[in-house]
Structures are given as structure tokens and as C-alpha cells.
1. Are there any helices (runs of 4 or more DSSP H) wholly within the range 9-106 with 1 or more residues that are open to solvent by 80 Å² or more (accessible area, probe 1.4 Å) and under 30 Å from V135 (Cβ atoms), and if so which?
2. Taking the options N29, N98, name whichever one is touching a Leu at 6+ places or on another chain (Cβ under 6 Å) and at negative phi.
3. Would you mind telling me which numbered condition in (1) touching a Ser or Thr at 6+ places or on another chain (Cβ under 9 Å); (2) within 18 Å of K46 (Cα to Cα); (3) more than 16 Å from ligand 2 (Cβ to nearest atom) V88 fails?
4. Could you list, in sequence order, the residues of the range 107-123 that are of a type outside the set (A, V, I, L, M) and either under 30 Å from G134 (Cβ atoms) or surrounded by 13 or more Cβ atoms within 10 Å (Cβ to Cβ) (or both)?
5. Mind checking whether some residue in the range 44-59 is more than 25 Å from T7 (Cα to Cα), out of contact with any strand residue (DSSP E or B) (no Cβ under 7 Å at 6 or more places or on another chain) and free of Cβ contacts under 8 Å to residues at least 40 places away in the same chain?
6. Does the range 88-110 contain any residue that is farther than 14 Å from I4 by Cβ, among the hydroxyl-bearing types (S, T, Y) and over 17 Å from the mean Cα position of the chain (by Cα)?
7. Got a number for residues in the range 1-52 being among the small types (G, A, S), away from ligand 2 (no atom under 16 Å from the Cβ) and under 17 Å from the mean Cα position of the chain (by Cα)?
8. Given the conditions (1) under 17 Å from the mean Cα position of the chain (by Cα); (2) within 14 Å of ligand 1 (Cβ to nearest atom); (3) open to solvent by less than 80 Å² (accessible area, probe 1.4 Å), report the number of the one that L130 does not fulfil.
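The values are calculated or read from the model by the stated rules, or taken from the named source; none is laboratory data. Only a predicted model underlies this, so the values are computations on that prediction, with no experimental measurement involved. In this analysis, Cβ positions are derived from the backbone assuming ideal geometry, glycine residues included, and neighbour counts consider all displayed protein chains. Note: accessible area is taken over every heavy atom of the protein model, side chains too, but ligands, DNA and RNA are not part of it. Shrake-Rupley method; radii C 1.70, N 1.55, O 1.52, S 1.80 Å.
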Amino acid sequence: MPLIEWTVQLSVGIESIDEQHKKLINMINALNEAMLTGSSNELLGKIFTGLAAYTQKHFAYEENMFAEYGYPNSQEHKRQHNELIAQVVELKEKFMENPQGTISADLMLFLKRWLTNHIMRTDKEYTEFLISKGVK
Ligand SMILES: [Fe+2]
Ligand SMILES: [Fe+2]
């Protein structure tokens, strides 16, 4: 069973963004799977680096939308993005320094909450606004 299951509860109602969230979920699930099956540190490191990079890309996509349509809560949302990026980059760096001790069930649970809390609490706040601007 994957660590994170996509359900409509995670949908923000905008297809392009849902697709990106699904991709992030897949990357976290892949990291979990690789950890559980005892994959090499090299592979774990690659997935982790990919997750950090794609997170940055996804956040930039949302922030471009905010700028384009004048989303009123963009500052607080961006502040959260910056915090989330700092967290995932720090975890990735810790892993790179000490691959043995870092990837664990606790870390995976952290990443699960790290992503799903942001989607459900913060991303969903822009749904109505962006849809009203015609974003799909
Ligand atoms: Fe998002
Ligand atoms: Fe966001």
C-alpha cells in the first residue's frame, strides 16, 4: 500500500495543480518504497533530490499564478512555501551527509504531513479565487 493515497479530499479543483500534487505524492511514495525495500543510498539520494527539485518547481508554478491573477493571500502562502522548501532541503542534506541514519518511518510520516497539510489547509484556500479567474 502506498504511503499516501490520492483521494478527492486532496483535490484543489484545478486540474493542472492536482496533477503536480499527484506527482509529488508519487515521489514521496517512491522514496518510501525505496526505503522499505532497502534500496541503495544512491537511489534514495536521487529520489530525494528529485523531490526537493520538483517541490521548488511546483511552488514556483503556484506563485506565478498568484502574481498573474493578483491572489490576495500570496505573501503568507509564499512564506509557507519557503519554510517547506527549507525543511525538505535540510532533510535531503542530512541524508546526503549520513545516509545510514536518516531515512526512517518518522521521516516518511513527516513528509506525508508536510505535503498533505499544505495542500488541504493552504492550497485549498486559493481554489475559489483562481477558478473565478478561469484557471483550470
Ligand atoms: Fe501545491
Ligand atoms: Fe502551495
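1. Output list reads 15-36, 41-69, 74-97.
2. Within the list N29, N98, the selection yields N29.
3. (3)
4. F110, K112, W114, T116, N117, H118, R121, T122, D123
5. Checked against the condition, which is being more than 25 Å from T7 (Cα to Cα), out of contact with any strand residue (DSSP E or B) (no Cβ under 7 Å at 6 or more places or on another chain) and free of Cβ contacts under 8 Å to residues at least 40 places away in the same chain, the range 44-59 yields at least one hit.
6. yes
7. 3
8. (1)
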